[in-house]
Amino acid sequence: MGASVHPQAQVLLDGKAASGAPPLWELAPDEARALIEAVDAIIPAGPALESVRDIVIPTRAGSVPARVYSPAAGAPGLVVYYHGGGWVVGSLDGWDASVRALAVASCCDVVSVDYRLAPEHVFPAAVDDAFDALVWAASPDGLAAGRPIVVAGDSTGGNLATVVALRARDAGGPRLALQLLVYPVTDCDLDRKSYHEFDGNDFIVNRRDVGWFWDQYAPDPASRRNPNASPLRAVDLSGLPAAYIVTAEHDPLRDEGFAYADRLRAARVPVEHRHFGSEIHGFFSFSGVLDDADKAIAGAGAAILAAVRG
């Protein structure tokens, strides 16, 4: 069992409680998005980079917006990043600071993908966008230009990163140097111990919030058991790229992150697992606010740089 909540994270939780905001599961999607945007506004601007530009990535359904972060010329690799937000909320702007910080920490170019959100676009729309963005990035017209590629994401973005890694393996490419999974959603089972530990409104997200996200993203319960939605249910995890996994103790997603790390190790996939025993779900995104966020980003960046340099 981890320590009590870090004092810096507790300030965030106290602010959430003092705001009187209703839990996410009581809101309509647009209301939830507005609430998350208000929270994102407290995060300070990320570091300056050599170049930040918005682009459009072609997909099977048309196109998706994306933002390319370049820390310096001659970056040794490319990170394809998927933001969190329960497949329902989240945006390029909301994750701008942490993605900037990851670009600096990794010395790599990062492309943040603004995949389609639910409930307007249900499963597998986000997965298709995520994979199509990866395939485009690796193509001759894409951004990788022959450099090693890493897939990365937090929470449901971590879910997308796991799934595109599986799809890339099964499709014979693109070849990936690493998968960075930050407190990833890996299963639709909400009866794990950590879900019941965080069943109230005291934390960033709780069991009911996650159930609400699943209702928006995969309204057909049967579809949730598809490995493209719940990668922990994939029969075979062998042959996947090495994984760097970040988990938080005070997080309903904690146990499925541990379970996925164990499944990868059992399949002989190299895993480095960094657990933050006093942190909460979402902490990675609070770059410049939480010391542990900065530590986690620095560690993830170092792992990315080592992977792309081989």
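Observations on the structure shown:
- One residue from Ala118, Ala73 being out of contact with any Ser or Thr (no Cβ under 8 Å at 6 or more places or on another chain), farther than 27 Å from Ile204 by Cα and in a loop (DSSP other than H, G, I, E, B): Ala73
- Output for the range 265-308, where each listed residue is among the aromatic types (Phe, Trp, Tyr) and either part of a helix (DSSP H, G or I) or surrounded by fewer than 23 Cβ atoms within 10 Å (Cβ to Cβ) (or both): Phe283, Phe284
- Listed here are the helices (runs of 4 or more DSSP H) enclosed by the range 175-241 that have at least 2 residues being over 18 Å from Tyr260 (Cβ atoms) and touching a Phe, Trp or Tyr at 6+ places or on another chain (Cβ under 7 Å): 207-217.
- Filtering Gly90, Gly146, Gly46, Gly85 for residues that are closer than 24 Å to Ala168 by Cα, in a loop (DSSP other than H, G, I, E, B) and open to solvent by less than 30 Å² (accessible area, probe 1.4 Å) leaves a single hit, Gly85.
- When residues of the range 216-225 are limited to those that are open to solvent by 60 Å² or more (accessible area, probe 1.4 Å) and touching a helix residue (DSSP H, G or I) at 6+ places or on another chain (Cβ under 9 Å), the one farthest from Val163 (Cα to Cα): Pro221
- Qualifying residue in the range 14-34 (condition: part of a helix (DSSP H, G or I), within 30 Å of Asp255 (Cα to Cα), of a type in the set (Lys, Arg) and open to solvent by 50 Å² or more (accessible area, probe 1.4 Å)): yes
- Of the listed requirements (1) more than 23 Å from Val11 (Cα to Cα); (2) open to solvent by 40 Å² or more (accessible area, probe 1.4 Å); (3) assigned to a loop (DSSP other than H, G, I, E, B); (4) free of Cβ contacts under 8 Å to residues at least 60 places away in the same chain, Asp262 misses just one: (3).
- Residue in the range 51-62 that is of a type outside the set (Val, Ile, Thr), modelled with pLDDT of 95 or more, touching a strand residue (DSSP E or B) at 6+ places or on another chain (Cβ under 9 Å) and under 23 Å from Tyr183 (Cβ atoms) present: no
- Looking at Trp95, Trp87, just one residue is aromatic (Phe, Trp, Tyr), under 23 Å from Asn228 (Cβ atoms) and in contact with a Phe, Trp or Tyr (Cβ under 7 Å, 6 or more places away or on another chain), and that residue is Trp87.
- Filter pass, Arg175 being among the charged types (D, E, K, R) and closer than 21 Å to Ala302 by Cα: yes
- Qualifying residue in the range 281-296 (condition: within 28 Å of Asp129 (Cβ to Cβ) and more than 19 Å from the chain's Cα centre (by Cα)): no
Residues are listed down the side, and each one gets a yes or a no for (1) open to solvent by 50 Å² or more (accessible area, probe 1.4 Å); (2) closer than 25 Å to Gly282 by Cβ:
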site	(1), (2)
Asp96	no, yes
Ala103	no, yes
Leu117	no, yes
Ala130	no, yes
Ala133	no, yes
Ala137	no, no
Gln179	no, yes
Phe198	no, yes
Arg208	yes, yes
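- The set of residues from the range 149-172 being in contact with a helix residue (DSSP H, G or I) (Cβ under 8 Å, 6 or more places away or on another chain), surrounded by fewer than 22 Cβ atoms within 10 Å (Cβ to Cβ) and within 18 Å of Ile57 (Cβ to Cβ) comprises just one member, Arg167.
The values are calculated or read from the model by the stated rules, or taken from the named source; none is laboratory data. Fair warning: this is a prediction, and the values are worked out from it, not measured in the lab. Positions of Cβ are generated from backbone atoms using ideal geometry, with glycine treated the same way; all protein chains shown enter the neighbour counts. Please note that ligands, DNA and RNA were not included when accessible areas were found on the heavy atoms of the full protein model with its side chains. Shrake-Rupley method; radii C 1.70, N 1.55, O 1.52, S 1.80 Å.
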